[in-house]
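To keep things clear, I will list the structure first and then write my remarks on it.
The values are calculated or read from the model by the stated rules, or taken from the named source; none is laboratory data. All of these numbers come straight from a predicted model, not from anything done at the bench. With ideal geometry, Cβ positions are generated from the backbone for all residues, glycine too; neighbour counts draw on all protein chains shown.
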Amino acid sequence: MQGLALGQAATVTFEADVRPILKAHCFHCHGEDGSAKGGLDVRLRSLLLKGGQHGPVIAPGQAEKSLLFQKVRDGEMPKEQAKLSTAQIETLRQWIEQGAKTVRPEPDSPDEWITEEERRYWAFQPIQNPPVPGGAANPVDAFLLRKLNANALGFSPPAGKRALIRRATFDLTGLPPTPAEIAAFLADETPRAYDRLIDRLLASPRYGERWGRHWLDVAGYADSEGHTERDAERGWAWRYRDYVVRAFNDDLPWDRFIREQLAGDEMVRPPYADLAPDQVDKLTATGFLRMAPDGTGSGANNAEAKNQVMAETLKIVSTSLMGMTVGCAQCHDHRYDPILQSDYYKLRAVFEPALDPANWRTPQGRQISLFTAADREQCAAIESEAKKLDAERQAKVEFFIERTLEWKLRQAPEALREPLRAAYNTPAAKRTAEQKALLDRHPSVRQISPGSLYLYDREFNDEIAKLNAERKKVDAGNAADKAEALKKIDGQIRYFRDSLTKALLDTMAKKAADLRATKPEEPFIRALTERADKAPVTQVFFRGNHDQPKAAVKPADLSVVALRNNPIPEDDAARPSTGRRLALARRLTDGTHPLTARVLVNRFWLHHFDRGLVDTPGDFGKLGEPPSHPELLDWLASDFMKHGWRLKRLHRLIMTSQAYRQASRRLAKIDEIDPDNRLLGRMNVRRLEAETLRDSILFVSGQWNPRMFGKPVPVMEDEVGQYIIGVSTNDSANRPTGKTVSVGAEAFRRSLYVQVRRSRVLSFFDAFDAPAMEPNCTKRPTSIVAPQALMLMNNDFVLAQSRAMAGRFQRLAKGHLDAQLGLAWESALGQAPDAGERAQARAFVKKQVAVFEAQKEKQPGLAALANFCQALLSSNAFIYVD
Amino acid sequence: MSIEDSQFLSSRRHFLARNAMGIGGVALAWLLHEQGLLAKPVKPELAGRSHTLLPKRPPGPARARAMISFFMQGGPSQMDLCDPKPMLDRWADKDIPVKIKYDDAAGASARVMPSHWKFKRHGQSGMDFSELLPGFGEIADELCLIRSMHTGVNNHGQSIHALNSGRTVAGRPSLGSWLTYGLGSENQNLPAYLVLRDPGSLPVEGTWNWSAGWLPGLYQGTVVRAREPRILNLEAPANLRGGGQRNYLDFLGALNRKHIRARPGELDLEARIASFELAARMQTSASGAMDISNESAATKNLYGIDEAATREFGTRCLIARRLVERGVRFVHVLSGNQSWDHHHGIKNSLPKACQKIDRPIAGLVKDLKRLGLLDSTVVHWGGEMGRLPVVQNERNAGRDHNTYGFSMWLAGGGFRAGHIHGATDEWGHHAVRDVVHHYDYHATLLRLFGLDSNGLVFKRSGREQSLTDGQPARVVEEILA
């Protein structure tokens, strides 16, 4: 593809051609971190001339005599399995042959050197505001057309109105248009019809749900902590999700949106109590920085896990806002991009006051309570009552231990009873060897403990059974002392009944638990905050090892894009916090940062056209793809900033373009010249994402529950280990109990509200490529595999929804099969069936009615219509958008 | 292990949807890439990765290509089945003079309990089995019996996780998931990893027994249920079986053909049509693999399918063979909940448990041998623990848990036949010679599949994780043929 070819100069130079190869493959052993195998450092031409223990490794003008060339040519170097390509070896040869030239004098030290050539990389240049070419009213079209025309291509004809409303509705709301909406759009023949459609869709609350989901992918939104197998649930992450949805619906300017997410806490003065709604919002926004997997809240509160929270948070921040794989510089200078290892730690220093390993707070310890004083009082009162119940239960436990001990002692030889009792009552550490041996021979005495009491109930129950049998016998007889004997037995039965522990202790425990459950639930925000008192020193970790800290660094943006005067303070005296994150957020959104706006508009573009102008939206570096339309990217970025960082405006601009409105049909000429459609001479056909597919099925089936916001819908494992919606009733050994807990209409809420437990991705989503958040997802793959087909053919969810859909259209058009078929068809596919299709549909339903009648199905008509609906829902016309 | 590379994604997904099994140009390109023959930069993982069940070549030489594991949940009593202890007879009913690690408190006793059953040596190897397992006696010369297994955690759950997923915690990938992740499957029309559950109940730890943990869901075990539909999503709903679903597929095909006529050249659409055809083939394959009606009477007799006591288990054994024949990688045959957990009444309950499985498993091993499949198929028999030499519950004696020394056996796939490895102490409590920890077993098993327990890793949360994960796993060379 065209892209930005930097072009290789006629002269091969060290900076432009040779150093990138050596940096990627050789620096690690020959130069970096004081490692110079064979005494050789290859980071400068001068050092190559100086050479190592075998003398100089280059002889300018004589490649064949240069050790460097010999070693790579013969495959002896690099030592790893991956060798240099023929082209790379040839570059080295040419360079030496041409005299091993540099562009300019080299620095004295090879450390922390960013070359001019690296600085000139397109993504680090200031965002331009290029002049809009002529030839089209919409600037988007103008830029695209220029390149299309240069390749003897142009736009495709416009898409039909039905295709267009379906495309726009899915794009902005993630749902299909209803037949009524389609009819209204078709009927509106005014020139403003399409603009009105876009306005309506942008005003829909569904817009925020749809576009919020895109951002949550990049933010790595999850309702669980990840990292460990336990993958503990995150109770309050959903507030951040809701904040994001609202921000999109309110068209919150993105500069503010970013600042709130990176530093909302620094805009609110602590202590964080009695908060106003906008303060709650700002603190909630910092949930963005609390999305990374966090093992310290999931059973791994150790140094490695803490370090990992920081590493994953930096990955999320840098891939989402900077389009840079900064994480690659955690252990060494980035191999391909001019990101120094120290840059990684400077960026880390921005976040370290809030994620300070030396003063770590677990996720629980970081939450901000929204409780009022009155709430607290009420809780304290309940708790003190509950404590009384605890004490009563504890007294009972002690009584039972005594009882059980007596019982077990009675079974021991009489002479051993007192020694056993003494041994048992002696704390384990103080027992004599003799006592220990004695208890070893009587393990059932030794093991009596509050936790094991229930195990002894079996013996008491056996005694009770025996006594009951005896009682029956006595009662049936006519002994003279019968009454006396019965009384005695009853006394014994009572004694053993009183010794039974489990039922009573469980009841007592439940009573306390039930009482505690009456406390009002304490609401929290999952936020990122700093502790005012401590600003840690950030150090570079040798080769990324957190237990090998080296030189201290100060907070800063990446060197290659940093301003001359570093705007990030060590400690902003005007605030209780350090002010580091707020300063970084301001820098990123100051309108001159070369990365932020480019990365954002590229991402927005991606969701409209299925591909970004830069097709690696999380990596604008050298390993990423170059932009297909660099001027358009820059123009969009600068226009976006100029007009207040407002996304809804950008949607309008893009969606009213001719490019967006053109047909998607492949044309031979485009396929020949531009097979990947990078020039956008037609629209791309797109598959619905996992969530959109599920939402659309619910929407057309009529089961959809439109409730917005709040706690996530729970996910559980079914008997075969599939993840489905529901509340798990498995027992403590994870065996199904067969009980069910209804979640009611919650089951039919939008996918956005389904719990994102990293270890339990809903099986339906998993099949259709929903990401596992580890830690985030900058671009979703779309696979086409048979399990997806099987899901659509046989899965319970699809079957149930098909039936619901059939019922819906049976009710809507009672007794009119033709109308039912037509409505179902149009609701799902956005097209009305033509005469041939109607006939086919009728014939199919008739055939299936016969099948179901033969099987004595109770409602063969409904079953057949359901199967027809299922065919619609599994058809390409439903799953793909033109 | 990664064979993912975005440059192949588009062509690969079309290829996969149509016929994931063949090795075409695309697959060849991955193999080349996998071997690192080109110095391509390793791209940071930004885009979501996709995974497949295409067969993958293991890095090392492989002896085994499939495995059938019989999981006897609860803990078979080694001193009553395959690890005779004359010492127990000498000390019958006396207090044991050594320290015992009990699990259950209330029923604990120090009284020694000898075995109720007689032992005999079998085959040329002279391997001991008690009279409860005559069938195992007949296949003794095929077996590699390990008497020195050790997990060291005395609970069912933790020990199950240790043996089935490498460590004692829940939520990790199971052995079958690792094998399918590492090797893919040789039959794209069947799930790679199948679980033949007991019709009565699930073992302790339920669905975690076949969990893919943090590996992609694709590598999770697929359960064959005791009722219809036997495999969820892989069988038509009851009312569409027979011609009903065919009609649906034909109608869907017509819809899709009309749709694609207006969108010529759109490869994704074609691929999705093909994926439905592949799905239909998978359904046929799955039901074909489960259908034993065409097996001969002699075969059914071999597996005990002609007898009430062994019919159900024998049928699952035969299905296991049919799956392995068809290239399925891993078949897990599960016992019911705690069916070998003989805390009390062992005298009556152990013979019943043995009777159910003895003849069918022996039949399977003989059948695999006859078909020439045993060389490449590992058969495993064992539970998550063994039992103690002393009485538990005086009134109705059984034996308590013992994870410090217990037995299991392996056959085929490169394990040393007719061999006894390791020993417990004279009481049968602790493994004392040539101890095999669960992780040693795993490292050894992976070796036979051409995999390396340190090399087969999955990167997650910034760390490379493996089945044995940091434990000092050793390949037990002595048990390899």
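The set of residues from the stretch A:265-280 being out of contact with any Pro (no Cβ under 9 Å at 6 or more places or on another chain) and either without any contact (Cβ under 8 Å) to a residue 40 or more places away in the chain or more than 15 Å from A:L582 (Cα to Cα) (or both) comprises A:V268, A:P271, A:Y272, A:A273, A:D274, A:L275, A:A276, A:P277, A:D278, A:Q279, A:V280.
For every residue, the table says whether it meets (1) within 14 Å of chain B (Cβ to nearest Cβ); (2) at positive phi; (3) not hydrophobic (A, V, I, L, M, F, W, C).
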position	(1), (2), (3)
A:G226	yes, yes, yes
A:Y240	no, no, yes
A:I258	no, no, no
A:G264	no, no, yes
A:V268	no, no, no
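Taking B:E186, is it more than 8 Å from every other protein chain (Cβ to nearest Cβ), among the acidic types (D, E), within 28 Å of B:R322 (Cα to Cα) and more than 15 Å from the chain's Cα centre (by Cα)? When the stated conditions are applied, B:E186 passes them.
Among the candidates B:G171, B:G126, B:G166, B:G107, the residue that is crowded, with 24+ Cβ neighbours inside 10 Å, of a type in the set (G, A, S) and either outside the structural domain of B:H380 (by TED's automatic domain parsing) or at positive phi (or both) is uniquely B:G166. Which of the residues that make up the stretch A:330-355 are within 12 Å of chain B (Cβ to nearest Cβ) and within 21 Å of A:Q125 (Cα to Cα)? Selection gives A:H334, A:R335, A:Y336, A:D337, A:I339. Of all the residues in the stretch B:240-258, those that are surrounded by fewer than 19 Cβ atoms within 10 Å (Cβ to Cβ) and either facing another protein chain (nearest Cβ under 7 Å) or outside any helix (DSSP H, G or I) (or both) number 4. Being free of Cβ contacts under 8 Å to residues at least 60 places away in the same chain, among the aliphatic types (A, V, I, L, M) and within 14 Å of another protein chain (Cβ to nearest Cβ) is the filter here, so list the residues in the stretch B:273-326 that pass it. Scanning the stretch B:273-326 gives B:I273, B:A279, B:A280.
More than 8 Å from every other protein chain (Cβ to nearest Cβ) and either of a type in the set (A, V, I, L, M, F, W, C) or touching a helix residue (DSSP H, G or I) at 6+ places or on another chain (Cβ under 9 Å) (or both): does that describe B:R261? In short, no. What tally of residues in the stretch A:402-415 results from selecting those that are out of contact with any Lys or Arg (no Cβ under 9 Å at 6 or more places or on another chain) and within 14 Å of chain B (Cβ to nearest Cβ)? Matching residues across the stretch A:402-415 total 7.
Report whether or not A:V614 is among the β-branched types (V, I, T), under 15 Å from A:L653 (Cβ atoms) and crowded, with 23+ Cβ neighbours inside 10 Å. Here the answer is no, as A:V614 does not meet what is asked.
Here B:K352 fulfils each of the conditions (1) in contact (Cβ under 8 Å) with a residue 40 or more places away in the chain; (2) surrounded by fewer than 22 Cβ atoms within 10 Å (Cβ to Cβ) apart from (1). On the stretch given as the stretch A:665-720, residues that are within 26 Å of A:C777 (Cβ to Cβ) and of a type in the set (A, V, I, L, M) total 12.
When B:A110 is tested against (1) in contact with a strand residue (DSSP E or B) (Cβ under 7 Å, 6 or more places away or on another chain); (2) outside any strand (DSSP E or B); (3) not charged (D, E, K, R), just one condition goes unmet, and that condition is (2). Among the residues making up the stretch B:55-106, those that are more than 33 Å from the chain's Cα centre (by Cα) and in a loop (DSSP other than H, G, I, E, B) are B:W91, B:A92, B:D93, B:K94, B:I96, B:P97, B:V98, B:K99, B:A106.
Of the residues making up the stretch B:265-272, one or more are surrounded by fewer than 17 Cβ atoms within 10 Å (Cβ to Cβ), out of contact with any strand residue (DSSP E or B) (no Cβ under 7 Å at 6 or more places or on another chain), facing chain A (nearest Cβ under 7 Å) and more than 18 Å from A:V785 (Cβ to Cβ).
Filtering the stretch A:211-246 to residues that are among the polar types (S, T, N, Q) and either part of a loop (DSSP other than H, G, I, E, B) or under 25 Å from A:G612 (Cβ atoms) (or both) leaves only A:T228.
Every listed requirement among (1) surrounded by 23 or more Cβ atoms within 10 Å (Cβ to Cβ); (2) touching a helix residue (DSSP H, G or I) at 6+ places or on another chain (Cβ under 9 Å) is met by B:H156 save one, (2).
Here's the yes/no breakdown for (1) among the small types (G, A, S); (2) free of Cβ contacts under 8 Å to residues at least 60 places away in the same chain; (3) more than 7 Å from chain B (Cβ to nearest Cβ):
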{"position": "A:F765", "(1), (2), (3)": "no, no, yes"}
{"position": "A:C777", "(1), (2), (3)": "no, no, no"}
{"position": "A:Q788", "(1), (2), (3)": "no, yes, no"}
{"position": "A:V798", "(1), (2), (3)": "no, no, yes"}
